[in-house]
Structure formats: C-alpha cells, structure tokens
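So the structure is just underneath, and the comments pick up after that.
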Amino acid sequence: MKIILDSNVIISALTTQGLSSRVLDLCIDKHLIFTSSWILDEVTRILSNKFKIESNKLTRIRNFLQSATLTIEQKGKKPAHCRDEDDNNILHLAKHVHANLIITGDVDLLIMKTYEDIKIITPRQFMEHYFTPKT
C-alpha cells in the first residue's frame, strides 16, 4: 500500500515507544511511505522547538526518514479542503502519489474520513484493520 504518515504520527513515533512507533515500523517493513519536504521540515521544526532535539540528532532523524520513505515534491495546485491550511499539504501529497491511506491523529483530517478515494485513519484504526499478527 501507498501510505502518507502525517507529521504528528511521525513525531509521536520518534518520541515515544507507543502505537505510532509500531505503525511506523510496520509501514517501513511492509508498505511504501511517502513524505515531502514540507512534512520533513515540519517534523524537524517541531522536534527542535518543542522537544529541544539537538541539530546533529535532527540531521540523523531527517536522514533516517529520507532513507526509509520516498520523498516526493508534488506538483500542481494544493487543495483547499481543510480548515487548517497546513493539512492541505498532506492531502496534496496523498493525491499526487495516489495513496491508499493517510494515517494521522489530526482531527481536522480525520473528520473527512476520505479524500477522493484515500482513506484517512488513526494509527489505532490502521493496526485494527490493516495489520493482522501471525498466529
């Protein structure tokens, strides 16, 4: 599957050992994750400003994300469907790569449920509906 992880899921995955971390690991192992420079910049900015991560660690994190994902620069006009204009960057990327899923914790995106044919779900919904552990 082609998956977009919203920056809030990536940040949660990198700062905690919870559900988002497991989702990131599973997506890296089994799916194609797409990012953009906008997502990478937002992740870097928040990790720096809010979590006070040092610049050398930020560089390693960004390098890791770039090696684990496909970074795409989308073309064309960004949609204007979300109340929070920044969220339109996620929709733009998802449409550009014909993503199957957007995984997010952002309520403004989640209330949409879908964007065109792209499902918008939480990390928990991903685990419940798209990951079946081997027994």
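The values are calculated or read from the model by the stated rules, or taken from the named source; none is laboratory data. Not measured: the values here are computed from a predicted model. Cβ placement follows ideal geometry from the backbone for every residue including glycine, while neighbour counts extend to all protein chains displayed.
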**Study point:** Filtered residues of the range 24-68 (kept if more than 23 Å from E85 (Cβ to Cβ), out of contact with any Leu (no Cβ under 7 Å at 6 or more places or on another chain) and β-branched (V, I, T))
**Key:** I28, T59
Check your understanding: Filtering the range 54-76 down to residues that are loosely packed, with under 12 Cβ neighbours inside 10 Å and in contact with a His (Cβ under 8 Å, 6 or more places away or on another chain), which residue is nearest to T35 (Cα to Cα)?
Key -> K75
Review point. Among the residues of the range 8-50, which ones are touching a helix residue (DSSP H, G or I) at 6+ places or on another chain (Cβ under 6 Å) and β-branched (V, I, T)?
Key: V9, I10, I11, V23, I28, I33, I39, V43, T44, I46
Review point. Residues in the range 111-127 that are in contact (Cβ under 8 Å) with a residue 24 or more places away in the chain, among the aliphatic types (A, V, I, L, M) and over 16 Å from I10 (Cα atoms): how many?
Key: 2
Exercise for review: Within the range 120-134, work out how many residues are buried (at least 19 other Cβ atoms within 10 Å of the Cβ), out of contact with any Ser or Thr (no Cβ under 9 Å at 6 or more places or on another chain) and at pLDDT 95 or above.
Suggested key: 1
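Tell me the residue from L26, L19 that is surrounded by 13 or more Cβ atoms within 10 Å (Cβ to Cβ) and touching a Phe, Trp or Tyr at 6+ places or on another chain (Cβ under 7 Å), please. Talk me through it step by step, then tell me what you get.
Values: L19 fails: touching a Phe, Trp or Tyr at 6+ places or on another chain (Cβ under 7 Å).
Every option except L26 fails the conditions.
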Practice item. Enumerate the pairs (first residue in the range 23-43 and farther than 14 Å from A94 by Cβ; second residue anywhere and of a type in the set (G, A, S) and surrounded by 20 or more Cβ atoms within 10 Å (Cβ to Cβ)) with beta-carbon separation below 6 Å, excluding pairs fewer than 6 apart on the same chain, so at least 6 apart or on different chains. Key: L24/A13; E42/S7; V43/S7
Study note, to complete from the structure: Selection over the range 80-110 where residues are without any contact (Cβ under 8 Å) to a residue 24 or more places away in the chain and touching a Phe, Trp or Tyr at 6+ places or on another chain (Cβ under 8 Å) yields a count of 1
